[in-house]
1. Among the residues of the range 84-104, is there at least one that is closer than 21 Å to residue 149 by Cβ, basic (Lys, Arg), part of a helix (DSSP H, G or I) and open to solvent by less than 90 Å² (accessible area, probe 1.4 Å)?
2. Based on this model, can you work out whether residue 148 counts as surrounded by 13 or more Cβ atoms within 10 Å (Cβ to Cβ), assigned to a helix (DSSP H, G or I) and in contact with a Phe, Trp or Tyr (Cβ under 6 Å, 6 or more places away or on another chain)?
3. Exactly one of (1) loosely packed, with under 11 Cβ neighbours inside 10 Å; (2) under 21 Å from residue 75 (Cα atoms) is unmet by residue 164. Its number?
4. Return a yes/no flag: does the range 43-61 have any residue that is part of a loop (DSSP other than H, G, I, E, B), open to solvent by 60 Å² or more (accessible area, probe 1.4 Å), at pLDDT 85 or above and under 26 Å from residue 80 (Cα atoms).
5. Taking the residues in the range 105-128 that are of a type in the set (Asp, Glu) and assigned to a helix (DSSP H, G or I) as candidates, determine which candidate is surrounded by the fewest Cβ atoms within 10 Å (Cβ to Cβ).
6. Is it the case that residue 117 is touching a residue at least 24 places away in the same chain (Cβ under 8 Å), touching a Gly at 6+ places or on another chain (Cβ under 9 Å) and over 19 Å from residue 75 (Cβ atoms)?
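The values are calculated or read from the model by the stated rules, or taken from the named source; none is laboratory data. In this text, all values refer to a predicted model and were calculated from it rather than measured experimentally. Cβ placement follows ideal geometry from the backbone for every residue including glycine, while neighbour counts extend to all protein chains displayed. The area values use the complete protein model at the heavy-atom level, side chains included, leaving out ligands, DNA and RNA. Shrake-Rupley method; radii C 1.70, N 1.55, O 1.52, S 1.80 Å.
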Amino acid sequence: STCSPGEAHLVLTMEQHTATAGTLAGHFGGTGPFAPLEPRDLLLGLVWEHDRGWAEVDAVAPRDPSTDLPWSVYQTPTSVSIGTGPRSIDHNERCHPYRGLVSSMHIVGLFTGRYGLDQTRILDLLDEPSRALLEPMLAAELDRQERLRRQLAADPDTARWVADEA
């Protein structure tokens, strides 16, 4: 934490984080620089539950021993957080394949520079043991993304969602 001892802290669970993101997402799209969400209901549902896999970690609220505050998402040891992404993606894929695809892209993008939109690749900043844990998970997610793209492309109702222009 960058806060001084005795300073007030705001701590949110990932469920609170996703509820905030979901509320904000419901107000954007189709105005100003924001394209409309397509498909709106599926994507809003995803935003509301994009980090659902953190529920197990939040339930025990592990703390940073140096501050006695809950770990931030970036302080959480990889050995603890490694399952949160796949659990989130599994949940969203069960809801709908497109939610699974976008959820997987969110997790992979966090570590790999957000598909070229961010210059920082978190994966490159991690120590070797953390990278060794994450790289197989990220590779599995790229495989999942390809499988879900093929599945969605084969359905005339969802093919446009995974077309190059989308």
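1. Yes, there is a match, as at least one residue in the range 84-104 is closer than 21 Å to residue 149 by Cβ, basic (Lys, Arg), part of a helix (DSSP H, G or I) and open to solvent by less than 90 Å² (accessible area, probe 1.4 Å).
2. In short, no.
3. Among (1) loosely packed, with under 11 Cβ neighbours inside 10 Å; (2) under 21 Å from residue 75 (Cα atoms), residue 164 violates only (2).
4. No, the conditions are met nowhere in the range 43-61.
5. The extreme case among them is 128.
6. no
Here's the yes/no breakdown for (1) closer than 26 Å to residue 55 by Cβ; (2) in a helix (DSSP H, G or I); (3) open to solvent by 80 Å² or more (accessible area, probe 1.4 Å); (4) at pLDDT 85 or above:
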| position | (1), (2), (3), (4) |
| --- | --- |
| 1 | yes, no, no, no |
| 6 | no, no, yes, no |
| 12 | yes, no, yes, yes |
| 16 | yes, yes, yes, yes |
| 20 | yes, yes, no, yes |
| 28 | yes, no, yes, no |
| 31 | no, no, yes, no |
| 35 | no, no, no, no |
